[in-house]
Amino acid sequence: MAAVATVSSASGILAMLQEPAEELKLHALASLNSVVHLFYPEISTSIPTIESLYEDEEFDQRQLAALVVSKVFYYLGELNDSLSYALGAGPLFDVSEDSDYAHALLAKALDEYASFKTRASKATEEEENVDPRLETIVERMLEKCILDGKYQQAMGMAVECRRLDKLEEAIVQCDNIHGALSYCINLSHQYVSHREYRCEVLRCLVKIYQTLPHPDYLSICQCLMFLGEPETVANILDTLLSGSKDDALLAYQIAFDLVENENQAFLLNVKNRLDARTPAQSNPDSGSALPGDQTANLGTTSTEPAGDVQMGDDTTTANGNAHPVDPNETVHADRLSKIKGILSGEKSIQLTLQFLYTHNRSDLLILKTIKQAVEMRNSVCHSATICSNAIMHAGTTVDTFLRENLEWLSRATNWAKFSATAGLGVIHRGHLQQGRALMAPYLPQSGAVGGGSPYSEGGALYALGLIHANHGEGIKQFLRESLRNTSAEVIQHGACLGLGLASLGTADEEVYEDIKNVLYTDSAVAGEAAGIGMGLLMVGTASEKASEMLAYAHDTQHEKIIRGLALGIALTVYGREEEADTLIEQMTRDQDPILRYGGMYALALAYRGTANNKAIHQLLHFAVSDVSDDVRRTAVMALGFVLYNEPEQTPRIVSLLSESYNPHVRYGAALAVGISCAGTGLSDAISLLEPLTSDVVDFVRQGALIAMAMVMIQTNESFDSRVGTFRRQLEKIILDKHEDTMSKMGAILASGILDAGGRNVTIKLLSRNKHDKLTAVIGLAVFSQFWYWYPLLYFISLAFSPTAIIGLNSDLELPKFEFVSHAKPSLFEYPKPTTTQTTTSAVKLPTAILSTYAKAKSRAKKDAESKANLEKTTEAESKANQEKATDAESKTSGEKTPEDVSGSTSAKAAKSQEDGDAMQVDSTAEKKAPEPEPTFQILANPARVLPAQEKFIKFIEDSRYVPVRPAPSGFILLRDTQPTEPEELVLTDAPATVVSSTGNAAAAAGQPAAMAVDDEPQPPQPFEYNTL
Amino acid sequence: MDPKLVEVTQLFARFKAAYARNDLDVCANLLSQLKVLLTKFPSLPPSFQQTPNAVEELTTARDIYEHAVVLSVKMEDQDAFERDFCQLKPYYMDTCGIIPPSPEEYPILGLNLLRLLVQNRIAEFHTELELLPAKALENLCIKHAVELEQSFMEGAYNRVLTARQAVPHETYVYFMDLLAKTVRDEIAGCSEKGYDFLSISDAKQMFMFSSDQELQQYIAEEHPEWDVKNGSVFFQKVKESQPCKEIPAAPVITQTLGYARELERIV
């Protein structure tokens, strides 16, 4: 009795199934159902018997039979059969059962249902013949999830199964609707790969949002932007603007967030709608006057030195007050004009410019080293150096280096000159008001024949495009005129690029016609730029212009034009995902390798940042199977674009390719990692790139160096020690006389990228809200063309975004405001300014001691100490007093904060008073930190905050200003909790006011160059190098 | 005592009475009622719940099924035999330690072996044999079946046929008769392969028939395709099996080359 008996075989029960009596069959089935997990192998041989029971109409436990069969099939791994019988089992199949069987089948049912729904949505003719039983199961499951409070699961399933009705139900019933909604938005971006459907989901979400009592306008507007509904956004903004002060702040914040996504066409639309609305709502007088003034300001400031947006605002509001109108409306109009300033991008560009200018920490010594190491006659390295300088100072308006080396600069001839002039555009990027004045000396002079070289004129037009990239309303007209008035292909080249940049994605028909005319002249040089320009103009519109371009690409003989067009076509399908498939198919099947190459770009851009499996699959296929090296290289590189939303994946995916025998594939792998992991400092990426930087093939080294710089941008040595190694490697390559030109160029550019934008920018392809940054992606795509055409290097500046937190009050000014970064300051500080070692080794080159020195160095590498001493002495001989003082200062101050050190070295600049003030603000904030490496740091508005640092940022709780949106990056609107007290503003306004003053001064061109720069973003003039 | 058990016992008593009277129809009828009643007992396989009456219930159930098996032999119903035996088997295999072994166990197991032999299911025969403990092989009933199988395999068909006289249990007779037919089928199969034709007398001896009529009848029933003419039996030649399939050379070669090329590209 004690022994517990167990069944050892199901044969007895199976035999019972054969019994004639119904009750016995029933009993057998019930028993089988309970032991099926143990005896499925035995039962499987009797499945036909059980099946026949199920099919027997008169048998009253058919469902039980179906359940048993289903279970057996499940254990045999035949999920399809299992599912179809489970459906037959009807209510006996228990969705809430906690067993492997139930789980597996439910998953299967969901998959089945989801894939069915997906298919049904594609081909409408096979209408809704989904198995109702399947539907019932899925619905039962969704309801259960909702009942159990597993809302996220329910939402996920509903999205997957395309049941928006259930999605809505789940969200509405959820106790945390806001959380649920933001979860859904994330979900739709990450997991919904079908674009149209994603739109549907978002539309549904917006609908729910709008029904809420306290809608989250920030998220709604992000969704609406994705959906491309400017009207609704304009409505929301307008409503908010008419509301309380806090609402207005929120509206500003929304506007800044929208601007961050860089969708110019959309922003323009919103702005126009707001314009259209104004006269109707507010007093026609002030209403129409305001926007009129405003736009006039924007339009003319580029020529009039007086223009400063801030100033303009003040005067117009003053005007508005003079009218006897309702104060509410004045307030509203005032707010409206402010928000239009933001939406036009002016405000954020202006603030960014201020930030980059005041925080510029670029290290001129590095450039000096490069300049001296590079051979005079080597034009490639020469223009690489100029480019490097441009990148280092991108957006800072600091052109000291150029001014100091005018004679050296004048060696740039022909296309090098074109590039050099374009470089100015990068340096002054975003200097919207002064841009045209700055470039004036180089621009084609109307009337004056033979004013300057066509190269510098073309370059200047290109530069204007770079300055106004994606915000080109003001400059577009001028560029068009320049394009029409010239027949020189170099100028046309510059103008096409410039126009493309300035009117990025606006799909302006007139501009398109202008560029098309250039294309049809069939000149190789101009045609290439025209192709790219058309692409830029039509970015992401998927217009049928693409087929027109494709047709011409087939007609023309010029490879350059084909290439330009191929890239252009690729640009037009930016972000269109499936919609682009036909075009991609057409291009990738083409005979011409250049068009296939364009097809790779089309794949890359259409599926940018989606990590779409199909696209990856296709690219990998081309990467290993195409006959053309160019196509293979591009295919691998394109992986970088497809994967940039999941940078951790890229090194893994391309790791095999990076060991390919084909150098083009290796090169592509390097850039793919560079692009997708840009600015992350990802350890895997660095490990993958490291061996490639010493590859046997020169251009692979070049690609790897550039990619490495892109990955490491803004990481310092205490974050990853390999950054230091890499910097030393770059220096070595640059100084090595026997190094190939190609890799030398790579190293020079890499040094530039590493310290880009005065060490205050990073490469960011995703905005904070995980939307892709159109300009940045386009910038990198065109940049990667530098393989064929060096001037395109400058497109990388489009990808730079400042790493800053800039807090603004309701007047869009910078109040004094502090917040804490809970991390060791050393982790995120600026890299140390180049050490004395660098300076002296650079200086040493010409001296006689050098050779013995170099030997000593090679013999005993490690006695840095003694060397440092010796160096000091050599330095004393060779260096200017000023610099020595600087050096001594940095030596003595030793443990001083990095802000201070770099402040004193980099700036001879720090002489301007305002600037000095700004510095003090920073350094006082810094000094609050105690000496032994503190674990936190207090940062003052505006502050440099690296992406990796963002998670450590905390806002101080009882501070006077409270951020509208707690996300710690970019522009943050601050709510003033003590509105009655006078506000204390940060003095960074200084540069802006100086703009106007120096703007006047600019007319008198006699100022010594260095001084002028010290003062501020200095307009045109002094160094016109060599006008031919 | 549990009323259900009482009911079963009473019904079983009636069954036994009918069985003794050799009233097979009544038996079958009662038996199916009994089986339905048995499903109500939770202590029976496959659940084996430990109820207070488990031992009685199990013993009764086993008894019923043993009778069912024997009954099916009597009714010469092989399907029913298999069904009942399968249901009986768990009582033998899985109830050790709960109820004492049944005296009928070995005869019935032997009977089952014999059935498998008759149905020429040799593989299953050996599987069953393997499941038996070593000492079971000593049992007369089991030994009988094993020896039969050995003779059968050796081709000593005469020994198989003569063994009918020495059955250990009266129920075995039915199967022994069937076995003779199985043996003849086996011989027929071999002859077909081995000879083009056989003279009637040889064939009669081979098939161990005592008269020509018996042979004629057998051929007419089982192998109508054979020809009996000129005093001989002509076997229909089994058609030549198809020539071995061609190797699809071309596709294999292209595929292999394709792989090689892909490999080269990838590396």
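What follows draws every value from the coordinates through simple rules; no lab data is involved. Quantities reported herein were computed from a predicted structural model and do not represent experimental measurements. Note that each Cβ is placed from the backbone with ideal geometry, even for glycine, and that neighbours are counted across all protein chains shown.
Can you compute the modelled spin-label distance between A:Ser99 and B:Val26, with each label point 7 Å from Cα toward Cβ, in nm?
Taking the simple label geometry, A:Ser99 and B:Val26 are separated by 4.5 nm.
Could you tell me which of rounded, prolate or oblate describes the stretch B:18-157, using a ≥ b ≥ c as the square roots of the eigenvalues of the alpha-carbon gyration tensor, with rounded for a/c under 1.5 and, failing that, prolate when a/b is larger than b/c and oblate otherwise?
Here the stretch B:18-157 falls in the oblate category.
What whole number of Å gives the distance from the Cα centroid of the stretch A:681-741 to the Cα centroid of the stretch A:481-526?
When both Cα centres are located, 37 Å separates them.
Given a Förster radius of 45 Å and the C-beta distance between A:Tyr788 and A:Ser244 as r, what FRET efficiency does 1/(1 + (r/R0)^6) yield to the nearest 0.05?
Given R0 = 45 Å and the Cβ-Cβ separation, E is 0.20.
Can you give me the distance in nm between label points at A:Glu559 and B:Thr59, each placed 7 Å from the Cα along the Cα-to-Cβ direction?
For A:Glu559 paired with B:Thr59, the spin-label model returns 10.1 nm.
Sort the following peptides by mean Cβ neighbour count (other Cβ atoms within 10 Å, averaged over residues), highest first: A:935-945, A:949-959, A:401-411.
A:935-945, A:401-411, A:949-959
Could you give the distance between the Cα centres of the stretch A:586-616 and the stretch A:161-216, to the whole Å?
31
Which pairs in the list A:Lys207/A:Lys347; A:Lys368/A:Lys732; A:Lys614/A:Lys773; A:Lys816/A:Lys951; A:Lys770/A:Lys951; A:Lys371/A:Lys737 are over 19 Å apart, alpha-carbon to alpha-carbon?
Pairs exceeding the cut-off: A:Lys207/A:Lys347; A:Lys614/A:Lys773; A:Lys816/A:Lys951.
Choose one of A:Gln190, A:Leu240, A:Leu164: the residue whose Cα lies farthest towards the positive end of the charge dipole of the stretch A:156-243 (beta-carbon charges +1 Lys, Arg; -1 Asp, Glu; about the Cα centre).
Going by the charge dipole, the pick is A:Gln190.
If R0 is 60 Å, what FRET efficiency do you get for B:Gln49 and B:Gln255 from their C-beta distance, rounded to 0.05?
0.50
Please state the charge dipole magnitude for the stretch A:363-436, taken about the Cα centre, from unit charges on C-beta atoms (+1 on K and R, -1 on D and E), reported in debye and rounded to the nearest 20.
Roughly 160 debye, rounded to the nearest 20.
Just to confirm my numbers, what's the Cα centroid distance between the stretch A:95-120 and the stretch B:202-219 in Å?
Rounded to whole Å, the Cα centres lie 65 Å apart.
Apply the a/c threshold of 1.5 to the C-alpha gyration tensor of chain B and tell me whether it is rounded, prolate or oblate.
oblate
How would A:Tyr209, A:Tyr667, A:Tyr357 line up from fewest to most surrounding beta-carbon atoms within 10 angstrom?
Fewest to most other Cβ atoms nearby, the residues stand as A:Tyr209, A:Tyr357, A:Tyr667.
Just subtract the alpha-carbon distance of A:Glu196 and A:Asn235 from 0.36 nm times their residue separation and send over the number in nm, one decimal.
The A:Glu196-A:Asn235 span can extend by a further 11.6 nm.
Using per-residue counts of other Cβ atoms within 10 Å, averaged over each peptide, order A:613-621, A:755-763 from highest down.
Packing order, densest peptide first, comes out as A:755-763, A:613-621.
Measuring from label point to label point, each 7 Å out along Cα→Cβ, what is the A:Lys832 to B:Glu7 span in nm?
Modelled inter-label distance: 9.6 nm.
Shape call for the stretch A:439-541 from the C-alpha gyration tensor, a ≥ b ≥ c root eigenvalues: rounded (a/c under 1.5), prolate (a/b greater than b/c) or oblate?
oblate
Let me have the relative contact order for chain B, percent, based on Cα pairs under 8 Å that are six or more residues apart.
Rounded, it is 10 percent for chain B.
Quick one: order B:Lys40, B:Lys35 by neighbouring beta-carbon count within 10 Å, fewest to most.
B:Lys40, B:Lys35
Report the full-extension gain for the segment A:Asn33 to A:Glu510: residue separation times 0.36 nm, less the Cα-Cα distance, to one decimal in nm.
164.3 nm
Listing B:Glu66, B:Glu130 from the residue with the fewest other Cβ atoms within 10 Å to the one with the most, what is the order?
B:Glu130, B:Glu66
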